[in-house]
Amino acid sequence: MENLMGLLRIHVIRGVDLAIRDVSSSDPYVVVKMGKQKLKTRVIKQNINPEWNDDLTLSVVDPKQTVLIRVYDKDTFSLDDKMGDAEFDISQFIEVVKMRLDNLPSGTIIRKIQPTRENCLAEESCIVWANGKVVQNLFLRLRHVETGEVELQLEWIDIPGSRGL
């Protein structure tokens, strides 16, 4: 707890055009991993465009750690099938949080991150001041799979008594 910087809430919004792993559809869920922490969303049955709208919260100790997203197809009688993965860096997001921006109008774009081969972004991602907090919307293109994207939203939560930013 003494090394905790704060909490990163990841709102897993939806999947778009995910790969089919069963006969005609898939039963997808998402696993989010950062360091030794691992969380997962609920399974959405028979849907390649699922809407999870699940909030997963990770504690941040090292801002240089990357977050790994893996999508799986839930199977009843065998191991779950992989449906792709994506990785993203939270260091730029945390840099903006460290700025301690207040009194900005809601909707102000603070920083834009362009898609590259290294960051798995499907399109430009904006870090925005919204309703008194820093948020980032991400569309991640899944790797190691023929098709699929996952939409996320990041939000920072300060913890009283943490080492802070």
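The values are calculated or read from the model by the stated rules, or taken from the named source; none is laboratory data. Because the structure is a prediction, the values reported are computed rather than measured. We place every Cβ from the backbone using ideal geometry, glycine too, and count neighbours over all the protein chains shown. Just the protein is used for accessible areas: all its heavy atoms, side chains included, with ligands, DNA and RNA removed. Shrake-Rupley method; radii C 1.70, N 1.55, O 1.52, S 1.80 Å.
Values for this structure:
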{"read-out": "So A86, is it among the small types (G, A, S), surrounded by 13 or more Cβ atoms within 10 Å (Cβ to Cβ) and over 16 Å from H11 (Cβ atoms)", "value": "no"}
{"read-out": "Residues satisfying the stated conditions in the range 46-58, i.e. more than 18 Å from G148 (Cβ to Cβ) and either surrounded by 14 or more Cβ atoms within 10 Å (Cβ to Cβ) or among the hydroxyl-bearing types (S, T, Y) (or both)", "value": "L56, T57, L58"}
{"read-out": "Residue list for the range 120-165, filter: on the phi > 0 side of the Ramachandran plot and surrounded by 15 or more Cβ atoms within 10 Å (Cβ to Cβ)", "value": "C120, G148"}
{"read-out": "Residues within the range 14-40 that are part of a strand (DSSP E or B), open to solvent by 30 Å² or more (accessible area, probe 1.4 Å) and in contact (Cβ under 8 Å) with a residue 40 or more places away in the chain, tallied", "value": "2"}
{"read-out": "Condition check for D73: acidic (D, E) and either in contact with an Asp or Glu (Cβ under 9 Å, 6 or more places away or on another chain) or open to solvent by less than 40 Å² (accessible area, probe 1.4 Å) (or both)", "value": "yes"}
{"read-out": "Set R117, R111: member being within 18 Å of the chain's Cα centre (by Cα), assigned to a strand (DSSP E or B) and surrounded by fewer than 16 Cβ atoms within 10 Å (Cβ to Cβ)", "value": "R111"}
{"read-out": "Restricting the range 1-13 to residues that are outside any strand (DSSP E or B) and touching a strand residue (DSSP E or B) at 6+ places or on another chain (Cβ under 7 Å), the residue that is surrounded by the most Cβ atoms within 10 Å (Cβ to Cβ)", "value": "M5"}
{"read-out": "Unmet requirement for V43, which otherwise passes all of (1) β-branched (V, I, T); (2) within 17 Å of the chain's Cα centre (by Cα); (3) more than 23 Å from G148 (Cα to Cα); (4) open to solvent by 40 Å² or more (accessible area, probe 1.4 Å)", "value": "(3)"}
{"read-out": "Test for K98: is it in contact (Cβ under 8 Å) with a residue 60 or more places away in the chain, open to solvent by 30 Å² or more (accessible area, probe 1.4 Å) and under 29 Å from G161 (Cα atoms)", "value": "yes"}
{"read-out": "Every residue from the range 72-100 that is closer than 19 Å to E151 by Cα and part of a strand (DSSP E or B)", "value": "Y72, D73, K82, M83, G84, D85, A86, E87, F88, D89"}
{"read-out": "Filter pass, V61 being over 30 Å from V23 (Cβ atoms), crowded, with 20+ Cβ neighbours inside 10 Å and at pLDDT below 95", "value": "no"}
